[in-house]
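Remarks on the structure that follows.
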Amino acid sequence: MLTQVGHLALRSVVRTLRQPAMVIPSIAFPMILLAVNSAGLKSATRLPGFPTNSYLTFALAITFVQGALFAAMSSGTNVANDIETGFLNRLALTPLRRSALMLGQLAGIVVLGLIQATTFIVVGAIAGAGFHTGVPGALVIVAIAVLIALGFGTLGAFIALRTGSGEAVQGLFPLLFAALFLSSMAMPRDLISADWFRTIATYNPVSYILEAIRSLMITGWDGHALALGFACAGGITVIALVAASSALRTAMVRT
């Protein structure tokens, strides 16, 4: 089992790192949006009750979720490519365990999540973002970011396994971005004036992931915010893993 996971994980990591077109945009695009948002919305910090006087610090949390959305595209595209090229068919003829295949495929996403999170933290610190909890808090942010990337990456793999199409995976991207925009991305939930928007943001798990990261950067160690953030990120990951495992079982039976 460990040998199988190791070989597939190495393949997944190498394939991810050999695709600059996957890695570079997943880092550059969130950074560009961070620069635009922090410059254009900095006046929002003057609102009564805004948690910080630095919109850069507030907006930095968004980059981790945006990076995870790109991880979903990377994972889904790679799995769809394995299906389209017949690699999955060939694996079905071997005694490979399905669990080993799933874990191995996701190793590249974990590495991509680590690269993204480290880059965002370093660039944010250089740009002047605050980290109220210091280095320990930054490590927790990395853990949340990797968990988010794993969750969305597994979701991308599920779509690929269900459809066998890279185009279907790419069609998921706008839906995930809509979920990000309908959260507390640009404004704290208690400062959102539109009732319908605030209600959607309250039921949106992405809001709690963002608030967990922001708590580490702005307010300090907030156990309640961290518990909700990890619960939402972990819940997305578990649900996506169960769905992807079921889809993989069906795909292996078909082959």
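Cβ-Cβ contacts under 7 Å between residues 6 or more apart (or on different chains), taken from a first residue in the range 174-199 that is touching a residue at least 12 places away in the same chain (Cβ under 8 Å) to a second residue that is among the small types (Gly, Ala, Ser) and not in a helix (DSSP H, G or I), are listed as ASP190/GLY49; LEU191/GLY49.
Of the set (1) buried (at least 17 other Cβ atoms within 10 Å of the Cβ); (2) under 19 Å from VAL110 (Cα atoms); (3) modelled with pLDDT of 85 or more, all apply to PRO188 but (2). Scanning the range 15-30 for residues that are among the polar types (S, T, N, Q) and either in a helix (DSSP H, G or I) or buried (at least 19 other Cβ atoms within 10 Å of the Cβ) (or both) yields THR16, SER26. The lone criterion from (1) open to solvent by 20 Å² or more (accessible area, probe 1.4 Å); (2) assigned to a helix (DSSP H, G or I) left unmet by SER207 is number (1).
Going residue by residue through the range 50-65, is there one that turns out to be under 16 Å from the mean Cα position of the chain (by Cα) and more than 30 Å from PRO188 (Cα to Cα)?
Residues of the range 50-65 that are under 16 Å from the mean Cα position of the chain (by Cα), as a first pass: 59-65.
Right, trim to more than 30 Å from PRO188 (Cα to Cα) and you get none.
No, the range 50-65 has no match at all.
Provide a single number: the residues in the range 202-249 that are among the polar types (S, T, N, Q), under 17 Å from LEU155 (Cα atoms) and touching a residue at least 60 places away in the same chain (Cβ under 8 Å).
As a first pass, look at the range 202-249 and keep what is among the polar types (S, T, N, Q): 202, 204, 207, 215, 219, 237, 245-246.
Now drop any that are not under 17 Å from LEU155 (Cα atoms), which leaves 204, 237, 245-246.
After this cut, where a residue has to be touching a residue at least 60 places away in the same chain (Cβ under 8 Å) as well, the list is 237, 245.
Total satisfying the criteria: 2.
Would you confirm whether or not the range 123-131 contains a residue that is within 30 Å of VAL79 (Cβ to Cβ), of a type outside the set (S, T, N, Q), part of a helix (DSSP H, G or I) and at pLDDT 80 or above? Yes; the residues of the range 123-131 include at least one that is within 30 Å of VAL79 (Cβ to Cβ), of a type outside the set (S, T, N, Q), part of a helix (DSSP H, G or I) and at pLDDT 80 or above. Filtering the range 215-244 to residues that are open to solvent by 60 Å² or more (accessible area, probe 1.4 Å) and of a type in the set (Val, Ile, Thr) leaves THR219, VAL238, ILE239, VAL242. Checked against (1) among the aromatic types (Phe, Trp, Tyr); (2) crowded, with 16+ Cβ neighbours inside 10 Å; (3) within 21 Å of GLY166 (Cβ to Cβ), PHE87 passes all but condition (2).
Exactly one residue among LEU69, LEU103, LEU93 is open to solvent by 10 Å² or more (accessible area, probe 1.4 Å) and at pLDDT 75 or above, and that residue is LEU103. Considering the range 106-133, the residues that are open to solvent by 30 Å² or more (accessible area, probe 1.4 Å) and without any contact (Cβ under 8 Å) to a residue 40 or more places away in the chain include one that is farthest from MET217 (Cα to Cα), namely LEU114. Can you find a residue in the range 46-64 that is open to solvent by less than 10 Å² (accessible area, probe 1.4 Å), touching a helix residue (DSSP H, G or I) at 6+ places or on another chain (Cβ under 9 Å), closer than 22 Å to ILE159 by Cβ and modelled with pLDDT under 85? No, every residue in the range 46-64 fails to be open to solvent by less than 10 Å² (accessible area, probe 1.4 Å), touching a helix residue (DSSP H, G or I) at 6+ places or on another chain (Cβ under 9 Å), closer than 22 Å to ILE159 by Cβ and modelled with pLDDT under 85.
The values are calculated or read from the model by the stated rules, or taken from the named source; none is laboratory data. Since the structure is predicted, the reported quantities are computational estimates derived from the model, not experimental observations. All Cβ positions, glycine included, derive from the backbone under ideal geometry; neighbour counts span all protein chains shown. The protein model used for the area step is the full one, side chains on, heavy atoms only, and it has no ligands, DNA or RNA in it. Shrake-Rupley method; radii C 1.70, N 1.55, O 1.52, S 1.80 Å.
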